[in-house]
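Inspection log for the structure reproduced underneath, given as structure tokens.
The values are calculated or read from the model by the stated rules, or taken from the named source; none is laboratory data. Because the structure is predicted, anything quoted here is derived from the model rather than measured. For neighbour counting, all protein chains shown are included, and Cβ atoms are generated from backbone atoms with ideal geometry for every residue, glycine included.
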Amino acid sequence: MIKFIKIALTCLLALFVNLTGAQVTCDNGGFEESPNHLNNHTFKVYQDPDKTFNSGCFTSNSETNYLSYSPSGTDNFTAPATLVSPGNDLFLNSTYGLPNVARVHNGNYAVRLEGRSGGYEVSKMKRTVTVDANSFNFSFSLILQHSNKASHVPNTTDHPHGRQSFFKARLKTSSGVVVDSICIVANLEDCFLNQLHNAEDYLPAGEETTTLYTGWVCGRLNTTGHIDEVLTVEYTVEGCRDNSLHRAIVYIDDQCSTCNDEDLYTNCCKPDLTAVGLIAPGFNQQEERSQWIKSTNTILSNAKAIYHAGDYVEMNPGFEAASGSQFAVYIESCSNSYVYRPSQDMEEPLPAQSNGIRIYPNPSHSLITLSYEAADLKSITITGMDGKRILARPANSREMQIDVSGFSNGIYLVTVETSEGKILNSKFVKN
């Protein structure tokens, strides 16, 4: 009787897992199998010197013109496909100084595919999976370059996005029928693609480019109705073909992994971000999060950055907005809108914090006003994030103005002692 109950419970649990859409399982999904980290995976490349093959999100099942490719070594960044080890993506990091996008999501290895590398415009990786659940999940980090050339803009029904680079993942049956697919084209309107804008000085005239990237996100392909079937998963990146500067790079890791809805690439409102690195002259970084953003990066002269988040934006030690840069932060959850909001235009004080202190305008580049309605202020101390005291001043009213124009840009701690003997803390941003 006990044995029967255990078997019955096991069967019910298996049924429940399938009905709730658990992920497909597979061997070597994270490329950690040693010594052959690319076991179960095959690679193909395609060269199109006549620039006639650009297919947008349409990808033919025919591989007549493809060549088999065998990646060799690790971290071969000039190859169309390579195994990679931990570290930051060199294209973004060395070209722009930001952002620091990791090459590996989990473990010690991932795979990097690139279109427009080594003379090949298309790079493809494939493997098979046995379907035992209703979704196939994988992690990816994508970099696409969008060309602003007139010849690349949408112009025909066959190329609704124009001649732009793209990434595609799809599942196919043994007979070639596509079960499900996702395709991401270099499209400036997609909110899940972070944008880095080039100044024209960085490329030849007429080749102005916007670099787009996702960071590590999750892709999900639907396998409903194909339980116990063997399907082929196929990843493809293709450059725009007209210019070697217009790249398509994708890192793949954690195949058959668990994926939360908030991590899906289509979710344009991620919860948090830690911004690091440099924003180079001529570039504009725009970031939004539902909860918070913490910044330790440097915004160089003639660079721009706008950060807004639902709960708070915090500039930590190491943050600097250089003279000649443009920088704005404000409290707002995801809106897919980025607006410079000069502090002098802010006429109304922000809502009081939970301890009753109001500081406005915040951020500010000149004067701030501190107010506390419950009692008079007795003293005010302002401290930098490094712990150094910047200002200490007595007070004898419920409101006081302080000139912060001489402060370096960054975040500051404010400690207030009231006439009732209370010690209250708050923060403000000097921009």
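Filter the stretch 293-319 down to the residues that are buried (at least 18 other Cβ atoms within 10 Å of the Cβ) and of a type in the set (D, E, K, R), then identify the one that is modelled with the lowest pLDDT. Looking at residues that are buried (at least 18 other Cβ atoms within 10 Å of the Cβ) and of a type in the set (D, E, K, R), I get GLU314. Can you confirm whether the stretch 344-356 contains a residue that is in contact with a Lys or Arg (Cβ under 9 Å, 6 or more places away or on another chain), modelled with pLDDT under 85, buried (at least 17 other Cβ atoms within 10 Å of the Cβ) and more than 23 Å from ASP272 (Cα to Cα)? For the stretch 344-356, residues in contact with a Lys or Arg (Cβ under 9 Å, 6 or more places away or on another chain), modelled with pLDDT under 85, buried (at least 17 other Cβ atoms within 10 Å of the Cβ) and more than 23 Å from ASP272 (Cα to Cα): absent.
For residues that are of a type in the set (Asp, Glu) and outside any strand (DSSP E or B), tally how many sit in the stretch 396-429. So that I can check it myself, show each step before the final result.
Filtering the stretch 396-429 for residues of a type in the set (Asp, Glu) gives 399, 403, 417, 420.
Those still in the list that are outside any strand (DSSP E or B) too: 420.
Residues in the stretch 396-429 being of a type in the set (Asp, Glu) and outside any strand (DSSP E or B): 1 in total.
Could you tell me whether the stretch 262-283 includes any residue that is modelled with pLDDT of 85 or more, among the β-branched types (Val, Ile, Thr) and either touching a helix residue (DSSP H, G or I) at 6+ places or on another chain (Cβ under 8 Å) or surrounded by fewer than 16 Cβ atoms within 10 Å (Cβ to Cβ) (or both)? Within the stretch 262-283, one or more residues are modelled with pLDDT of 85 or more, among the β-branched types (Val, Ile, Thr) and either touching a helix residue (DSSP H, G or I) at 6+ places or on another chain (Cβ under 8 Å) or surrounded by fewer than 16 Cβ atoms within 10 Å (Cβ to Cβ) (or both). I want to confirm something. Restricting to the stretch 290-310 and keeping residues that are assigned to a loop (DSSP other than H, G, I, E, B) and under 20 Å from the mean Cα position of the chain (by Cα), which single residue is farthest from GLY406 (Cα to Cα)? Among them, the one singled out is SER290. Residues that are within 30 Å of THR130 (Cα to Cα) and part of a loop (DSSP other than H, G, I, E, B): does the stretch 270-287 have at least one? Taking every residue of the stretch 270-287 in turn, none turns out to be within 30 Å of THR130 (Cα to Cα) and part of a loop (DSSP other than H, G, I, E, B).
Table: residues versus (1) without any contact (Cβ under 8 Å) to a residue 12 or more places away in the chain; (2) in contact with a Ser or Thr (Cβ under 8 Å, 6 or more places away or on another chain); (3) of a type outside the set (D, E, K, R).
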| site | (1), (2), (3) |
| --- | --- |
| HIS365 | no, yes, yes |
| GLU373 | no, no, no |
| PRO394 | no, yes, yes |
| GLU399 | no, yes, no |
| SER408 | no, no, yes |
| ILE411 | no, no, yes |
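If I ask for residues that are over 12 Å from the mean Cα position of the chain (by Cα), within 30 Å of LEU171 (Cβ to Cβ) and either modelled with pLDDT under 80 or part of a strand (DSSP E or B) (or both), which ones from the stretch 195-226 would you list? It would help to see each step written out before you state the result.
Filtering the stretch 195-226 for residues over 12 Å from the mean Cα position of the chain (by Cα) gives 197-211, 219-226.
Narrowing the set further to residues that are within 30 Å of LEU171 (Cβ to Cβ) leaves 211, 219-226.
Those that are over 12 Å from the mean Cα position of the chain (by Cα), within 30 Å of LEU171 (Cβ to Cβ) and either modelled with pLDDT under 80 or part of a strand (DSSP E or B) (or both): THR211, GLY219, ARG220, LEU221, ASN222.
From the set of residues in the stretch 169-193 that are out of contact with any strand residue (DSSP E or B) (no Cβ under 8 Å at 6 or more places or on another chain) and touching a residue at least 60 places away in the same chain (Cβ under 8 Å), which is surrounded by the fewest Cβ atoms within 10 Å (Cβ to Cβ)?
Within the stretch 169-193, the first condition is being out of contact with any strand residue (DSSP E or B) (no Cβ under 8 Å at 6 or more places or on another chain), and the residues that meet it are 175-177, 189, 191.
With touching a residue at least 60 places away in the same chain (Cβ under 8 Å) added as a condition, the list becomes 176, 191.
Working: GLY176: 9, CYS191: 13.
In this case the residue turns out to be GLY176.
Counting just the residues of the stretch 311-329 that are without any contact (Cβ under 8 Å) to a residue 24 or more places away in the chain and within 20 Å of the chain's Cα centre (by Cα), which one comes out nearest to MET385 (Cα to Cα)? Restricting to residues being without any contact (Cβ under 8 Å) to a residue 24 or more places away in the chain and within 20 Å of the chain's Cα centre (by Cα), the top hit is TYR312.
Just for the stretch 211-240: of the residues that are among the hydrophobic types (A, V, I, L, M, F, W, C) and surrounded by 21 or more Cβ atoms within 10 Å (Cβ to Cβ), which one is farthest from SER141 (Cα to Cα)? Break it down stepwise before answering.
Step one: of the stretch 211-240, the residues among the hydrophobic types (A, V, I, L, M, F, W, C) are 212, 216-218, 221, 227, 230-231, 233, 237, 240.
From the residues that got through so far, the ones that are surrounded by 21 or more Cβ atoms within 10 Å (Cβ to Cβ) too are 212, 218, 231, 233, 237, 240.
Details: LEU212: 11, CYS218: 9, LEU231: 23, VAL233: 17, VAL237: 12, CYS240: 19 Å.
Ranking the qualifying residues of the stretch 211-240, first place goes to LEU231.
In this entry, PRO363 passes the filter for residues that are under 28 Å from the mean Cα position of the chain (by Cα) and modelled with pLDDT of 80 or more.
Can you name every one of the strands (runs of 3 or more DSSP E) wholly within the stretch 42-103 that holds 2 or more residues which are surrounded by 15 or more Cβ atoms within 10 Å (Cβ to Cβ) and at pLDDT 90 or above?
Numbers: elements: 42-46, 67-69, 81-84.
Because the criterion is at least 2 residues that are surrounded by 15 or more Cβ atoms within 10 Å (Cβ to Cβ) and at pLDDT 90 or above, the strands (runs of 3 or more DSSP E) in the stretch 42-103 that meet it are 42-46, 81-84.
If only residues of the stretch 372-413 that are within 13 Å of SER426 (Cα to Cα) and more than 38 Å from the chain's Cα centre (by Cα) are counted, the one that is surrounded by the fewest Cβ atoms within 10 Å (Cβ to Cβ) is ILE380. Return the pair list, or none, for Cβ contacts closer than 6 Å from residues in the stretch 201-216 that are more than 24 Å from ASP190 (Cα to Cα) to residues that are hydroxyl-bearing (Ser, Thr, Tyr) and modelled with pLDDT under 50, at least 6 apart or on different chains. Short answer, once both residue conditions are applied: none. Within the stretch 414-431, being buried (at least 16 other Cβ atoms within 10 Å of the Cβ) and either in contact with a His (Cβ under 8 Å, 6 or more places away or on another chain) or free of Cβ contacts under 8 Å to residues at least 24 places away in the same chain (or both) holds for LYS430, ASN431.
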